[in-house]
Amino acid sequence: MKFTLVVHCAPYQGAAADTALRFARALLAGGHELYRVFFYREGVHNASALASPPRDEHSLPLAWQRLAQEYQLDLVVCVAAALRRGILDENEAKRHEKPAANLASGFELSGLGQLSEALIQSDRVLTFGGRG
Amino acid sequence: MKFTLVVHCAPYQGAAADTALRFARALLAGGHELYRVFFYREGVHNASALASPPRDEHSLPLAWQRLAQEYQLDLVVCVAAALRRGILDENEAKRHEKPAANLASGFELSGLGQLSEALIQSDRVLTFGGRG
Amino acid sequence: MMLHTLNSSPSDRTTFQSCAASLSEGDSLLLIEEAVYWLLPHHRHELTRLPARILALEPDLLARGVSSAGVNYVDDAGFVELAVTHGSVINWF
Amino acid sequence: MMLHTLNSSPSDRTTFQSCAASLSEGDSLLLIEEAVYWLLPHHRHELTRLPARILALEPDLLARGVSSAGVNYVDDAGFVELAVTHGSVINWF
Amino acid sequence: MNAPEVLIICRRAPYASSAARDAIDVALSCALFALPVTLLLLDDAVLQLLPDQQSGGIGQKNPNAMLGVLPMYDIDRLYTSTQSLALHGLEDVRLDPAPIVLDQAEIRALLARHPRVIML
Amino acid sequence: MNAPEVLIICRRAPYASSAARDAIDVALSCALFALPVTLLLLDDAVLQLLPDQQSGGIGQKNPNAMLGVLPMYDIDRLYTSTQSLALHGLEDVRLDPAPIVLDQAEIRALLARHPRVIML
């Protein structure tokens, strides 16, 4: 079965991003297909290349990256939400004349159309969010 | 009178960071002293050098920077909270072997001791936070 | 048949009430994250009048020290299977 | 004498109740952000039994379309003055 | 593949977070993909419909104005629930744009009709 | 300048956000500055005190363990309210560490004694 997950929460903001990651791992281990993970709102911070948690804490950006490598996942970060919150790829950094990019490899900036398209293509869509 | 403001919320996460900025402007306009603004938890994203909102939206990081320039403010970002959430200065980027720094100029990474010290030095301490 | 998830604590009655009002016979409600506190003895009776089957996510129960006695619980793989076996999913938060 | 601020909507009763229970005679309660919805006619009566003086932040009232009729309100400068004239500040959110 | 009907549920007040604006953006994007979209405002989200919101003083855009233009993009189904109106006592208050008000049974039927739900 | 007494109020459940851990970090930092610290756990924060929290399955640190070591840093005043215990029906449940339980009048007196309050 084809799943799409929408992630609204940043790491540390709430448990939702952790729950989404665990759900993603479980569905892939169960032989299902993860069509897309769409990071929206504060969820864009899951794609930070600069997150540097202490060594004894797990890193959500790293965990997403590893899962994406293992299963060839499509990790899409909403570009409008990301720009507002300071998550940029090389192109956007140049276009907005910013000194650096910080989108982790394995993630891709794209528009809300990627969410709409995933709604058409997927059998199930789950939203992982929290307060605020 | 000497104020310290603690900001727990990211831009867009809630109204709290906007309220804190308006309060800071009003107290400075009223001739009071802003001893320190301490950005903690999701509030560290107020210090992003990469935030690129649309032109017709105001930018909180830019607004803090301008206020800091005008009034020589001490804008301190909790280093432990910032590292976890991917806000790094040049030093921390080097130390954690990250490809870039993204702390906006005018902000400074430092420890929670800066909050404790501000609690001693200030006449009033206000916390601006939200759900989550 | 719909799978509902709820992740907010009993201190957020508004979310609970909207979720509760949306449940139909045959639906399932999976309590995740802070919503496992609905299974504390003080709150649990409010679940009994819901028309849906009530379940909880086991790792979230364990992490929060909430007893699983008398509770239908699933692990992460079970959460996935619930999403597969119900026609759609609504996430309340 | 203490200044309390509250920023959460009436849909969050738990925060309101903790704030309300903490108010002493002579305190002031400033409603900011979503808490200005406590001044909607449906909710306003719950404020009358509080021992504190009730105020609202004007820009937040205006932004949310909540009438200021019969409400003590202050602008941002007034918020600062309240913080100055009360011995301490507690922010409920 | 048939275009599935999409239900967007928003439960947040305006300005509190970006949820109100984001819900509108998702609705517009779905409309561009010719997906039939329904917007359901529950709980604090009914507060988005209060008239006369002047957000200049807080430096933010008023999402209420955007809700009014949704019909131009063929998004003309804007719903709320009796329960949500009762939460804030708005049963007899003029709302703008005026939503279609559903009781609990109708809400359950609406959910059952929509295999794709995005919560905001 | 005298060291002001600091009151740290936390109102959040463990894991929900970083609030529970952050409150402990602020308390420890104040103790390093020789500031007298009191920690008040209200509402969902009393859930931090439930015994037997096994957080391995969600890959997170258990803030409950940290609360237990606060007395080693001279932070021995851990309070909650009767109202918060009643919210979750925990009046007769063993809590670890055991907090001092204050009624509403005592909470108001506690707030009045503390010119510095940090809310988390």
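The table for this structure:
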| quantity | calculated |
| --- | --- |
| Selection count where residues are assigned to a loop (DSSP other than H, G, I, E, B) and either of a type in the set (S, T, N, Q) or modelled with pLDDT under 95 (or both), scope region A:118-132 | 4 |
| One residue from E:Cys10, E:Cys30 being at the interface with another protein chain (Cβ under 9 Å from one of its Cβ atoms), of a type outside the set (Ser, Thr, Tyr) and surrounded by 19 or more Cβ atoms within 10 Å (Cβ to Cβ) | E:Cys30 |
| Criterion (within 8 Å of another protein chain (Cβ to nearest Cβ) and in contact with a Gly (Cβ under 9 Å, 6 or more places away or on another chain)) met by exactly one of B:Ala15, B:Ala29, B:Ala20, B:Ala47 | B:Ala15 |
| Residues of region A:51-72 classified as under 26 Å from F:Ser55 (Cβ atoms) and touching a Gly at 6+ places or on another chain (Cβ under 8 Å), total | 7 |
| Positions within region F:1-53 being part of a loop (DSSP other than H, G, I, E, B), within 29 Å of B:Asp123 (Cβ to Cβ) and not charged (D, E, K, R), in sequence order | F:Met1, F:Asn2, F:Ala3, F:Pro4, F:Ser18, F:Phe33, F:Ala34, F:Leu35, F:Pro36, F:Leu42 |
| Answer from A:Leu119, A:Leu88, A:Leu60, A:Leu103 - the residue that is under 15 Å from the mean Cα position of the chain (by Cα) and within 7 Å of another protein chain (Cβ to nearest Cβ) | A:Leu88 |
| Residue match in region F:96-111 (condition: of a type in the set (Gly, Ala, Ser), assigned to a loop (DSSP other than H, G, I, E, B) and either more than 9 Å from every other protein chain (Cβ to nearest Cβ) or at positive phi (or both)) | yes |
| Output for region D:48-93, where each listed residue is part of a helix (DSSP H, G or I), within 14 Å of chain E (Cβ to nearest Cβ) and either over 24 Å from E:Asp96 (Cβ atoms) or free of Cβ contacts under 8 Å to residues at least 24 places away in the same chain (or both) | D:Glu58, D:Pro59, D:Leu62, D:Ala63, D:Asp76, D:Ala77, D:Gly78, D:Phe79 |
| Odd one out for A:Glu108, checked against (1) within 14 Å of A:Gly43 (Cα to Cα); (2) at the interface with chain B (Cβ under 9 Å from one of its Cβ atoms); (3) charged (D, E, K, R) | (2) |
| Top-ranked residue of region F:65-77 - restricted to ones that are part of a helix (DSSP H, G or I) and in contact with a helix residue (DSSP H, G or I) (Cβ under 6 Å, 6 or more places away or on another chain), ranked as surrounded by the fewest Cβ atoms within 10 Å (Cβ to Cβ) | F:Tyr73 |
| Options A:Tyr35, A:Tyr71: the member that is over 25 Å from C:Ile90 (Cα atoms), away from chain B (no Cβ under 14 Å) and more than 11 Å from the chain's Cα centre (by Cα) | A:Tyr71 |
| Hits in region A:95-117 (condition: farther than 19 Å from E:Leu120 by Cα and assigned to a helix (DSSP H, G or I)) | A:Arg95 |
| Selection within region D:66-93 - out of contact with any strand residue (DSSP E or B) (no Cβ under 7 Å at 6 or more places or on another chain), more than 15 Å from B:Gly30 (Cβ to Cβ) and either crowded, with 22+ Cβ neighbours inside 10 Å or of a type in the set (Val, Ile, Thr) (or both) | D:Val66 |
| Criterion violated by A:Glu92 - all others in (1) touching a Ser or Thr at 6+ places or on another chain (Cβ under 8 Å); (2) in a helix (DSSP H, G or I); (3) buried (at least 21 other Cβ atoms within 10 Å of the Cβ) satisfied | (3) |
| Subset tally (residues that are buried (at least 24 other Cβ atoms within 10 Å of the Cβ) and either of a type in the set (Val, Ile, Thr) or outside any loop (DSSP other than H, G, I, E, B) (or both)) for region C:20-36 | 8 |
| Residue list for region A:26-60, restricted to those being out of contact with any Phe, Trp or Tyr (no Cβ under 7 Å at 6 or more places or on another chain) and closer than 16 Å to A:Phe128 by Cα | A:Arg36, A:Val37, A:Phe38, A:Phe39, A:Tyr40, A:Arg41, A:Glu42, A:Gly43, A:Val44, A:His45, A:Leu60 |
| Residues of region E:59-80 satisfying the condition of being over 15 Å from E:Ala27 (Cα atoms), touching a residue at least 40 places away in the same chain (Cβ under 8 Å) and over 11 Å from the mean Cα position of the chain (by Cα) | E:Gln60, E:Lys61, E:Asn62 |
| F:Leu50 being surrounded by fewer than 24 Cβ atoms within 10 Å (Cβ to Cβ) and away from chain C (no Cβ under 14 Å) | no |
| Every pair of residues 6+ apart whose Cβ atoms lie under 6 Å, when the first sits in region E:88-99 and is under 20 Å from D:Ala35 (Cα atoms) while the second is assigned to a loop (DSSP other than H, G, I, E, B) and of a type outside the set (Asp, Glu) | E:His88/D:Leu40 |
| Filter pass, A:Val79 being within 11 Å of the chain's Cα centre (by Cα), more than 7 Å from chain B (Cβ to nearest Cβ) and closer than 18 Å to B:Ala10 by Cα | no |
| Cβ pairs under 6 Å, 6+ apart, first in region F:35-58 and closer than 14 Å to F:Asp22 by Cα, second in a loop (DSSP other than H, G, I, E, B) and of a type in the set (Lys, Arg) | F:Ala45/F:Arg11; F:Ala45/F:Arg12 |
| Hits in region B:37-84 (condition: at positive phi and touching a residue at least 24 places away in the same chain (Cβ under 8 Å)) | B:Arg41 |
| Filter result for the condition that a residue is crowded, with 24+ Cβ neighbours inside 10 Å and in contact with a helix residue (DSSP H, G or I) (Cβ under 9 Å, 6 or more places away or on another chain), over A:Arg124, A:Arg84, A:Arg41 | A:Arg41 |
| Leading residue by the ranking (surrounded by the most Cβ atoms within 10 Å (Cβ to Cβ)) among those in region B:1-38 that are assigned to a strand (DSSP E or B) and of a type outside the set (A, V, I, L, M, F, W, C) | B:Thr4 |
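The values are calculated or read from the model by the stated rules, or taken from the named source; none is laboratory data. Every value quoted in this text rests on a predicted model; they were computed, and no experiment measured them. Using ideal geometry, Cβ is built from the backbone for each residue, glycine included, and neighbour counts are taken over all protein chains shown.
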